[in-house]
Amino acid sequence: MTATPLTQDRLKALLHYDPDTGIFRWRTSGTGRKAEAGNVNKPRGYMQIRVDGKAYYSHRLAWLYTHGTWPSDQIDHVNRERADNRIANLREATQSQNQQNRLTKTSTGTVGVIWHARDARWQVTIRANGARRYLGQFKDLDAAVAARKTAEREHHTHRPT
């Protein structure tokens, strides 16, 4: 037996969502207060709310609450803050689009720019349309970062500005 999917009507009966703050509050609670709903999922940093025994990410609930449908794919936090669920900060995105908006994870501060010790140069790559593209090697870090930024403007057209 499968559970009935959560609908916008059911969600609105249980919770109030403030699109300007991104905060959900229970409409009723045992104390009579409208307590804030949810908590941060520690490993990933996303807000979660348990509704009818099932855990949901708050950003997906904000989309359902506001638009009346579940997102067709992923939801991207435009400002990269996973707990910021203001509707203005959320957009539907494919996995590729979502990855274009990820935080930098390299020592250079720029995704796709790494030090290539054997050649003593900065190596630059970019992932576009599911394929990694080699952009070259540079003696100067600034030139490498500039090459990467140029490639991002060309290939990462869905990255928020």
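The values are calculated or read from the model by the stated rules, or taken from the named source; none is laboratory data. The structure displayed is predicted, hence computed values, not measured ones. In this analysis, Cβ positions are derived from the backbone assuming ideal geometry, glycine residues included, and neighbour counts consider all displayed protein chains.
A few points about this structure:
- Residue among Arg82, Arg33 that alone is among the basic types (Lys, Arg), in contact with a Gly (Cβ under 6 Å, 6 or more places away or on another chain) and modelled with pLDDT under 95: Arg82
- Qualifying positions in the stretch 125-151 - among the aliphatic types (A, V, I, L, M), within 15 Å of Ile114 (Cβ to Cβ), modelled with pLDDT under 90 and not in a helix (DSSP H, G or I): Ile126
- If you go through the stretch 47-82 and keep only what is over 15 Å from Ala93 (Cβ atoms), outside any helix (DSSP H, G or I) and either of a type in the set (Val, Ile, Thr) or without any contact (Cβ under 8 Å) to a residue 60 or more places away in the chain (or both), you end up with Met47, Gln48, Ile49, Arg50, Val51, Asp52, Gly53, Lys54, Ala55, Tyr56, Thr69, Glu81.
- All conditions in (1) under 30 Å from Asp142 (Cβ atoms); (2) outside the structural domain of Gln137 (by TED's automatic domain parsing); (3) modelled with pLDDT of 85 or more hold for Thr69, with the sole exception of (1).
- Ser107 being modelled with pLDDT of 90 or more and assigned to a loop (DSSP other than H, G, I, E, B): no
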